[in-house]
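Chemist: One structure is given below, represented as structure tokens, and several questions about it will come after.
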Amino acid sequence: MHHTILELIFLDDSVSCLPIIRAIWCETNAGSLGLEYEGPIVDLMLLQFSAKMAQYQTQYPNLKQRIAYFQKKASGYIMWSLENDQLVVVDIAVLTAYQRKGIATELLQQCIKTANQKKKPVRLTVTRDNPAISLYQRIGFAIVSSNDVHLQMQCNLPKIG
């Protein structure tokens, strides 16, 4: 494994995080749809992002964000919410150019560490075809329920490396 320069920025000011998260979210979501993030797709992604953030803020009033910087470039983010009985990973994304560098692992392990300090499990929901499922399982998440589209995964015992 090669040496990585990973810096996690912890911002409490969601206004400061928002432009960075928006840029990463739009690019990764357009890419997951097989679209180039340019032209009319930009407006569509920005509209979708605004709707998704409004949903997150309504559903998770305790929403927190962390941005990862790799070699001083914003490369990914995680959004989570500490609820009464669990820590919920609301959203996580890493730009394609920065994937497979340990960024998502570090972001998730930071959430697991936070949850462990509060003695709460970590839960996330993922689509059945998401290639990140193997990453989640490697970190310690297990499938606890499913439907035709999504898997609900939970990590009870953190594996902090």
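The values are calculated or read from the model by the stated rules, or taken from the named source; none is laboratory data. Everything quoted here is computed from the prediction, not taken from an experiment. Here Cβ is always computed from backbone atoms with ideal geometry, including for glycine, and neighbour counts include all displayed protein chains.
Chemist: Only residues in segment 112-135 that are farther than 12 Å from MET153 by Cα count as the first member; pair them with residues that are part of a loop (DSSP other than H, G, I, E, B), Cβ under 7 angstrom, at least 6 apart or cross-chain, and list the lot.
Modeler: Note: pairs meeting the criteria are ILE112/PRO158; ILE112/ILE160; LYS113/PRO158; LYS113/ILE160; ALA115/PRO121; ASN116/PRO158; LYS120/ASP85; LYS120/GLN86.
Chemist: Residue pairs, Cβ under 7 Å, 6 or more apart or interchain, first in segment 30-52 and touching a residue at least 24 places away in the same chain (Cβ under 8 Å), second hydroxyl-bearing (Ser, Thr, Tyr) and in a helix (DSSP H, G or I). List them.
Modeler: GLY31/THR96
Chemist: Could you tell me whether any residue of segment 78-91 is among the hydroxyl-bearing types (Ser, Thr, Tyr) and in contact (Cβ under 8 Å) with a residue 40 or more places away in the chain?
Modeler: There is no residue in segment 78-91 that is among the hydroxyl-bearing types (Ser, Thr, Tyr) and in contact (Cβ under 8 Å) with a residue 40 or more places away in the chain.
Chemist: Counting only residues that are modelled with pLDDT under 90, give me the strands (runs of 3 or more DSSP E) lying completely in segment 38-131 with at least 1 of them.
Modeler: Working: elements: 63-70, 73-82, 87-94, 122-127.
Hits in segment 38-131: 63-70, 73-82.
Chemist: For segment 18-35, which residues satisfy the criterion of being closer than 17 Å to LEU107 by Cβ and either in a loop (DSSP other than H, G, I, E, B) or among the β-branched types (Val, Ile, Thr) (or both)?
Modeler: ILE20, ILE21, ILE24, THR28
Chemist: A further question on this structure: Tell me the residue from GLN109, GLN86 that is in contact with a helix residue (DSSP H, G or I) (Cβ under 9 Å, 6 or more places away or on another chain) and surrounded by fewer than 18 Cβ atoms within 10 Å (Cβ to Cβ), please.
Modeler: On inspection, the qualifying residue turns out to be GLN86.
Chemist: Which of the residues belonging to segment 136-153 are part of a loop (DSSP other than H, G, I, E, B) and more than 25 Å from ILE103 (Cα to Cα)?
Modeler: Correct list: ASN147, ASP148, VAL149.
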